[in-house]
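Worksheet: the structure to be examined is printed underneath.
Bear in mind these aren't lab numbers, they're just calculated from the coordinates by the rules spelled out. Just so we're clear, the structure is a prediction, and the values are computed from it rather than from any experiment. We place every Cβ from the backbone using ideal geometry, glycine too, and count neighbours over all the protein chains shown.
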Amino acid sequence: MINTQSIIDMTTNKETISVLNSLIETCNNGVQGFRTAADSVTDPRVKTVFLTRAAEIEKASEELAAEVRNLGGAPQKSGTVAGAVHRSWLDLKAAVTGGDDEGILTECARGEDHAIKAYDSALKKNLPAQTRAMIERQRSGATTNLDIVRQMKKAT
């Protein structure tokens, strides 16, 4: 006899894993972007903030990966070359080559804005309560990142 609930749970897990892996890609691109930005800015305080943000995003990615494994999936290992997140960070690289701290801050803000949209998209999905709570918390972290970057930009 086929257990209908097991089939529903497997489908839900696959969909949840897909959502989480998408967020892992977003996080990994954010880590790469903030590290690139940290290597390129001239202000040591801004560099420290960027490295701190990268470390926090890396922890978020690890938390998402743990949830993927908990659901029986394989976590995304790196960012992707395709997609809007990467294009945002390519814009950052263009600003970096100009050595313009304000331009770098603008591109970091753009990257975090994209991350928030990725989290918002994930939260529109039917997710288990524990996963939803984790994503909501991480979205709040992305909002904090965006606020910090905007404050630094105003100070320049």
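Give the lysines whose C-alpha is closer than 20 Å to that of K117, dropping any in the same chain fewer than 8 places away, or say none.
List returned: K59, K125.
For the cross-link pairs K77/K124; K124/K154; K77/K153, which exceed 26 Å when the distance is taken from alpha carbon to alpha carbon?
Pairs exceeding 26 Å: K124/K154; K77/K153.
What's the ranking of 15-28, 56-69, 120-133, 39-52 by average number of surrounding C-beta atoms within 10 Å, highest first?
Order by mean packing, descending: 15-28, 56-69, 39-52, 120-133.
Among the aspartates and glutamates, which have Cα under 15 Å from the Cα of K47 when same-chain residues fewer than 8 positions away are ignored?
Within reach: D39, E56, D100, D101, E102, E107.
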